[in-house]
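Here, each number is a calculation from the coordinates, and none is a lab measurement. Note that the structure is predicted; figures quoted are calculated from it, not measured. Every residue, glycine as well, gets a Cβ built from its backbone with ideal geometry; the counts of neighbours run over all protein chains shown.
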Amino acid sequence: MSSSPATPTPISAAVLPGRLTLKARLQRSPAWVFVLFVSLTSFTVYASMYGFRKPFTAGSYEGVRFLGISYKVVLVIAQVLGYCLSKFYGIRFIAGMRPERRAGFIVGLIATGWLSLLLFALVPVPYNFIFMFVNGLPLGMVWGLVFSYVEGRRVTELMGAVLATSFVFASGLAKTVGKSLLLHGISEFWMPFIAGAVFIGPALLSTWLLNQTPPPTPEDIAQRTVRLPMGKDQRRDFLRKFGAALIPVVSAYVMLTILRDFTEDFANELWTETGFKNNADVFAGTSTIVSLIVLAVIGGFFLIRNNYRAFQLNNVVIIGGFLLAAGSTAAFHLHLISPVIWIVTASAGLYLGYVPYNCFYFERMLAAYRVPGNVGFLIYIADAFGYLGTVVVLLVKEFVHVRYNWVDFFTGMFYISAFAGILVVVWGAVLFAKIYRINN
């Protein structure tokens, strides 16, 4: 495989009779216009995808059990298992994806996820859980396709920060839409499909707009390395060099993914237990605040030109996120802060740890170590094991019978993850520093 830098499509090649295409206009536009366009379109695509994934979690599905397990837990396990398998397949699929095929796959994957929600509504309980599993399979590959439009640019962190806040904001928005439909009398089984109808138009339009994004410029490539599909040999060589250092990185990410999935999928139960049972707006309201906090902290990473320094600084932000989540939990139990402030602050800490692994950590890693690969390959390795961890914890929670409430459950999760997470993040930072010294 050739590793020579790919040059952007010449402006003249993109000219229609009498006018420039949108892609050509973006190539000629000021930097702030390009950043704003890609940030907003990528944000909208991924936020729309959440409208097909998360609304069902606003339901409680009380009174239904399957194989002795609460039916909502069955649905969460089914979807996360599908999502997990999607991530394992995506290690190869995303790594080898050619740019011209991305938009078509995004539309096809979202449409498949929506169709599965229709079948979830039509097939009798409890056998419809199968279609929640099917729902997770296609949607798990959307992130890698969307992020591939953003990576490998001098302003990747700025655009990536906006994109990453989509899964903070959109999770709350999707549950607000779902809860509102339930409060208006829509059944818990039809609600996910109807909620998807709200998001299908924005998903299609924003995907078309995102696909007008021009490729990285020669200046982008010089600073961030060329981003190429990775074949089997390239993936094997990469893991031979970095595999040992990735073990603690993936371990930290597994903890963050488990925390993040539980806070998203069982937010309804946590808010109910803290006094917000019939409040649909609480989901979108708190997720918006968390999104703004995360964006404010990490949006300026693009200003750091030294790739290795920015790469290691990610570890500082991740450790700070663990400390914020654990510290706010301690403050809540000491009655120093309210439940709302606790959930918002702990969620902000969680996402300050989680977001860098989805955007900046691997982006700067490839640039610092001059690897001509793509971020999707690394994100999907981490995601695959992260969602596998979620499935394992869900099963243990159901079959190991310990009496607890949701506040106590989340408290324990925050404390344990913070302690273990900080240790493995430091371990990973030391291993990567050793590799950098050897090669420089």
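What residue among G353, G196, G108 shows peak mean-square fluctuation when the chain is described by a Gaussian network model with Cα springs under 10 Å? Ranking G353, G196, G108 by mean-square fluctuation puts G108 first.
Between R101 and I247, what length comes free when the chain is fully extended (0.36 nm per residue of separation minus the Cα-Cα distance, one decimal in nm)? Write down the numbers at each step before the final one.
Values: separation 146, 0.36 × 146 = 52.56 nm, distance 3.16 nm.
Full extension from R101 to I247 adds 49.4 nm.
Label reach from A433 (point 7 Å along Cα→C-beta): in the stretch 331-370, amide nitrogens under 19 Å belong to 361-362, 364-366, 368-369. Under a Gaussian network description of the chain, with springs only between Cα atoms under 10 Å, the residue in G349, G376, G63 that fluctuates furthest is G63.
Looking only at K232, K23, K175, which one moves most when the chain is put into a Gaussian network model with springs between Cα atoms under 10 Å? Its mean-square fluctuation being the largest, the pick is K232. Under the simplified labelling scheme, the V316-H184 pair shows an inter-label distance of 4.8 nm, with each label point 7 Å from Cα along Cα→Cβ. Mean residue ellipticity at 222 nm, helices only, the chain: -24500 deg cm²/dmol; runs of at least 4 DSSP H residues each add -39,500 (n - 2.57), and the sum is divided by the number of residues. Summarising the amide proton neighbourhood of G96: residues at separation of 5 or more, or on other chains, whose placed amide H is nearer than 5 Å comprise M230. Between 0 and 90 degrees, the angle of helix 281-298 with respect to the longest Cα principal axis of the chain falls at about 30 degrees. For the chain, the longest principal axis of the alpha carbon atoms and the long axis of helix 375-399 meet at an angle near 10°. Protection proxy ranking for 214-221, 47-54, 71-78, using the average of other Cβ atoms within 10 Å per residue and placing the highest first: 47-54, 71-78, 214-221. Each Cα pair under 8 Å and six or more residues apart adds its sequence gap; the mean of these over the residue count of the stretch 19-439 is a relative contact order of 26 percent. Evaluating 6.51 cos²θ - 1.76 cosθ + 1.60 at θ = phi - 60° for every residue in the stretch 42-56, the Karplus couplings come out as 5, 4, 5, 4, 6, 4, 5, 4, 4, x, 9, 10, 9, x, 4 Hz, glycine and proline recorded as x.
Taking max minus min of the alpha-carbon positions on each principal axis, the chain gives extents of 62, 52, 39 Å, largest first.
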